[in-house]
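Here is the structure we will look at, set down as C-alpha cells.
The values are calculated or read from the model by the stated rules, or taken from the named source; none is laboratory data. Small disclaimer: the values here were computed from a predicted structure and weren't measured. Cβ placement follows ideal geometry from the backbone for every residue including glycine, while neighbour counts extend to all protein chains displayed. For accessibility, only protein heavy atoms count, side chains too; no ligands or nucleic acids. Shrake-Rupley method; radii C 1.70, N 1.55, O 1.52, S 1.80 Å.
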Amino acid sequence: MERLIVNSKIELEPLKFSHAFQVFQAIDRNRKFLEPWLPFVQDTETQEDTENFIQSVTSPNSGDRDEVYVIWFENRFAGLVGLKDTDRVNMKTEIGYWITEQMIGQGVVTLSTKRLIEYVFSSSGMNRIVIRCGVGNKKSAAIPKRLGFTFEGIEREGEKHRRKFIDLEVYSLLKAEYNLLVSC
C-alpha cells in the first residue's frame, strides 16, 4: 500500500496502528451520524476496539487483508476509505467509505473514491469494483452515481445492523467502463 495524493487538499494514507486514537475519536464524536448506516459503530465502544480493527487489517498474518486508508483533508482527519472483500481469482473488490459529519458536502469522499478507483484499475489488475450502500442512504449512494457506476439492484437483507438486516443498493464499475470514462 502506498500513500495516494488526491489533490492539494486531500491525501490518502495507509491506515496504521498510530491512527487508532483519531479514528476512535471520530467514530465516538459522530456516533449519531454514522450509526444508522454503519453496523461497526455499535461495536466500537473503546479505543481498544479500534486498535483491534486496525490490527486485523494491517497484520502481515491476515493474508488477503483489506486495504484501508485514512482520508486527510487539509491535514485533518476526515474518515476512512478502502478496499474490502477482494477476490483476486475473479479480479474484483469492493470499496467502502465513511467520513465525519463536518466533512460532508465538500467532495472529500467522491474525490477519494475516484482516486482509489484509479489506483485499483491501474495497479492491481482488478476488473470490477462494487460499492454497497444502505437503502435510503442518499448521500452515500450519490457517490457511485457521480462516478459512473451502474446500479445493479437491491441486495435484500445484505447487512446485519443491530438486531435486524438492512437492504443494500449495489453499484458496480467495470474496468472497460472506467477506461471509456477517462478517455472522454
Accessible-area composition of the chain, carbon plus sulfur, in percent [1.4 Å probe]: 48 percent
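Starting from the range 45-90, pick out the chymotrypsin sites (Phe, Trp or Tyr not before Pro) whose DSSP state is loop and whose Cβ has at most 10 other Cβ atoms within 10 Å. Intermediate results must be reported in sequence, preceding the final value.
Working: sites: F53, Y69, W72, F73, F77; in loops: none.
Within the range 45-90, no chymotrypsin sites (Phe, Trp or Tyr not before Pro) qualify (loop, at most 10 other Cβ atoms within 10 Å).
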A convex hull over the alpha carbons of the range 10-90 yields, per residue, a volume in Å³ of 110 Å³
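For the chain, what does the convex hull of the Cα positions come to per residue, in cubic angstrom?
Working: hull volume 23.1 nm³, N = 184.
Residue-normalised Cα hull volume stands at 126 Å³.
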Using a Gaussian network model on the chain with a 10 Å cutoff between Cα atoms, which of Q22, Q55, Q102 fluctuates the most? Q102
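How big is the range 51-109 by the Kirkwood estimate over distinct Cα pairs, in Å? Let's see the in-between values first.
Details: mean 1/r = 0.0779 Å⁻¹.
After inverting the pairwise mean of 1/r, the radius is 12.8 Å.
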Entries in K32/K145; K9/K114; K92/K138; K16/K139; K138/K164 that, when Cα-Cα distance is taken, lie over 22 Å: K32/K145; K92/K138; K16/K139
If I model a spin label as a point 7 Å beyond the Cα along the Cα-Cβ vector, how far apart are those points for C184 and R88 in nm? 3.4 nm
Using a Förster radius of 30 Å, what is the FRET efficiency between N127 and D43 based on their Cβ-Cβ separation? Nearest 0.05, please. 0.40
Here the range 115-162 gives, from Cα atoms, an Rg and Dmax in Å of 12.7, 37
Dipole of the chain, Cα-centred, from +1 at each Lys and Arg C-beta and -1 at each Asp and Glu C-beta, to the nearest 20 debye? 500 debye
Which one, E67, E152, E169, has the greatest fluctuation when you compute a Gaussian network model over the chain with C-alpha springs under 10 angstrom? E152
Given points 7 Å out from each Cα along the Cα-Cβ axis, report the I154 to E51 separation in nanometres with one decimal. 4.3 nm
